[in-house]
Amino acid sequence: MIPPLSTPALVVDLDLFDANVDAMNELLQGTGKTVRPHVKTHRTPELAKRQLGQFAVGVTCATVGEAEVMVAAGIHDVLIANEVVDEAKLARIARLAQFANVMIAADDPAPVEALSRAAKRAGVTVGVLLDVDVLLHRCGVVSVPEALALARVIEGAPGVRLDGIMGYEGRVRLHTERRDELIAGAYAFLHKVRDGLVAAGHQVDVVSTAGTSTIREAIADPFVTEVQAGVYALMESELLVMDLPFRCAAAVRGTVISRHPGHFVADVGRRVVGVEYGPPVAVGIEASAVALSDEHATVAIAGTPPALGSQVDFIPGQIRTTFNLHDHVWVSRGGEIVDRWPVSARGASQ
Ligand SMILES: Cc1ncc(COP(=O)(O)O)c(C=O)c1O
């Protein structure tokens, strides 16, 4: 008999994970669009590889380090959907492009010129997606003239290639005020930039946008070519209220280490589960509250607490920070643990 996992342990239910991947492919079926799964969600190459195929040709990364880990694991098409400005990282990107198709986001001419010099030295070409600020007011160009000026720099720089544009509208929650208007406005600006570039003679093959919360709107949009969703494969409880065909596929397994009338304690604290979107949900337990400290989850219940030493799964509210707290993830099939994979890009934030 296989002994129970030593806890706390991060576990992915591969049946659910694969079903989420299939559901994404079903959403994309017949639309002509692709998905470029954002692997910041799990930082785990073995999971990333399971998302590829059918309508997914490559992955999205947030950092150069994530991209390096994915390429080392055999993934040959990566988008770093983020601005990179320092020479050392640009040199790493150029090196990476010797082994894979690499694209990065840019919103300023100076890093594009620096990337061009690094690419020339490495004898490679790196794709660039011109980043457009569609809603978040974080990175990205904010006007068509700014986009045109940047596009001219990209087109004129050897070793870099203008592949298209990207915008990321961020998480637009179900009850966000004026939700439809905000998303429509974001995509309208993306179209405006695209049309301006095309009218000026630039080729815009890629229009990349969207996370899981806006996946349906992005798929319905006529100009979006690919979606960058990431969380869909593992899900977070706050997105379950949306009309999406995805289910929660990961949990942190804990052991009941103390029990009392009205509450029990499991060894699942903030050091193993991300709480930025609220506490985790205890599976199969009617809890009135779950409170986390460093190493403990205190679960308030009305009925009899589970047995001392028994195991309880906790579904994290924030999956991305949860994965980044673990060296490896256990994988289950049909409820049985079948393997353990390294979260190889854990901590690869540079
Ligand atoms: C630029 C970018 N694209 C796509 C995503 C994916 O969004 P989600 O994880 O909600 O699917 C993120 C997530 O933070 C992101 O930062």
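The values are calculated or read from the model by the stated rules, or taken from the named source; none is laboratory data. Bear in mind that the values here come from a model prediction, so they are computed numbers and not experimental data. FYI the Cβ positions are ideal-geometry reconstructions off the backbone, even for glycines, and counts take in every protein chain you see. Areas reflect the complete protein model, heavy atoms only, side chains present, ligands, DNA and RNA absent. Shrake-Rupley method; radii C 1.70, N 1.55, O 1.52, S 1.80 Å.
Listed values, structure above:
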item	result
Approximate spin-label separation Val85-Ile257, in nm, with each point projected 7 Å along Cα-to-Cβ	4.3 nm
Residue-span extension gain [Glu295 to Ser310] - 0.36 nm each, minus C-alpha spacing	3.7 nm
Compactness of region 245-342 - radius of gyration and Dmax, Cα, Å	13.3, 39
Centroid-to-centroid separation of region 1-50 and region 293-318 [C-alpha atoms, Å]	25 Å
Sequence ranges 226-237, 327-338, ranked by mean other-Cβ count within 10 angstrom, highest first	226-237, 327-338
Ordering of 179-191, 58-70 by burial proxy (mean other Cβ atoms within 10 Å per residue, highest first)	58-70, 179-191
For region 266-289 and region 202-228, distance of Cα centres in Å	33 Å
FRET efficiency, 1/(1 + (r/R0)^6) with R0 41 Å, evaluated for Ala73 and Ala188 via beta carbons	0.60
Whole-number percent relative contact order across the chain, with pairs defined as alpha carbons under 8 Å at least 6 apart	20 percent
Candidate lysines - alpha carbon under 17 Å from Lys49, same-chain residues fewer than 8 apart omitted	Lys40
Glu113 versus Trp330: modelled label distance in nm, points set 7 Å from Cα along the beta carbon direction	5.5 nm
Rounded to 5, the percent of DSSP beta bridges in region 14-235 classed as antiparallel	5 percent
Accessible carbon and sulfur surface of the chain relative to its total accessible area, %, 1.4 Å	53 percent
Per-pair calculated FRET efficiency, R0 = 45 Å: Asn25 and Glu155 via Cβ, rounded to 0.05	0.85
Gyration tensor verdict on region 14-235 (Cα atoms; rounded if a/c is under 1.5, prolate if a/b is larger than b/c, oblate otherwise)	oblate
Å² per residue, accessible surface of region 245-342 at 1.4 Å	47 Å²
0 to 90° range, to nearest 10: angle between helix 87-96 axis and the chain longest Cα axis	90 degrees
Helix-only [θ]222 nm of the chain, DSSP H runs n ≥ 4, -39500 (n - 2.57) each, per residue, nearest 500	-8500 deg cm²/dmol
